[in-house]
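For reference, the structure is listed below as structure tokens.
Just so you know, all these numbers are worked out from the coordinates, no wet-lab data involved. The model shown is predicted, which means the values in this text are computed figures rather than measured ones. Using ideal geometry, Cβ is built from the backbone for each residue, glycine included, and neighbour counts are taken over all protein chains shown.
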Amino acid sequence: MPLYAITYISRAPEVRGENRKLFLNSLIKQADAKNLKTGVSGCLIHVDDFFIQLLEGPRGPLSETYNRIVQDERHSEVNLVAAGPILTRQFTSPNLAAFDIASETNPVFLKFRVRPEFCPYQIAPDALAGLIEQIAIVCARLDTANRKGRDKAA
């Protein structure tokens, strides 16, 4: 079955402190429940007040997932960055890899700032694709290491 990938950015609700962690955990739990049934995998990065997400899977379920995200009130200003066929998945786990990152303390984001604050909508499309690719590679490695650590502990 051919595989496809979709990458998008969106504005996330302004959630701070402990509520931010609870919000993200709830979002991931809901996504995992739906994605497990459809064969969609990927990575969700919560950066400041933005989501950057890479989704992978069969074309139909992937399109349905993206359309659901566009309608979801937890996402606004949804902007499709890239979509197309892929040969293999970067994220092989059926559970969504998710990371909450503060751009001001993460060196990857420093070089992509256009203004004092990070805003993915102000980054040139090619540069944004490069940023997402870098993040996805790092997240895939971290996710694999985290899962191995959890497996050993269990």
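Note on region 70-97 and region 1-40: Cα centroid distance 9 Å, given to the nearest whole angstrom.
The length gained by stretching the chain between E77 and E14 to full extension, at 0.36 nm per residue less their Cα-Cα distance, is 21.3 nm. A DSSP coil position with no more than 15 other Cβ atoms inside 10 Å describes the following trypsin sites (Lys or Arg not before Pro) in region 18-86: R74.
Show me the GluC sites (Glu not before Pro) within region 1-86 that DSSP assigns to loop and that have at most 15 other Cβ atoms within 10 Å of their Cβ. Qualifying residues, ordered by number: E14, E73. Listed by chain and number, the aspartates and glutamates placed with their C-alpha closer than 15 angstrom to that of K37 are E56, E64; residues fewer than eight positions away on the same chain are left out.
Working from label points 7 Å from Cα in the Cα-to-Cβ sense, the R89 to D49 distance is 3.4 nm.
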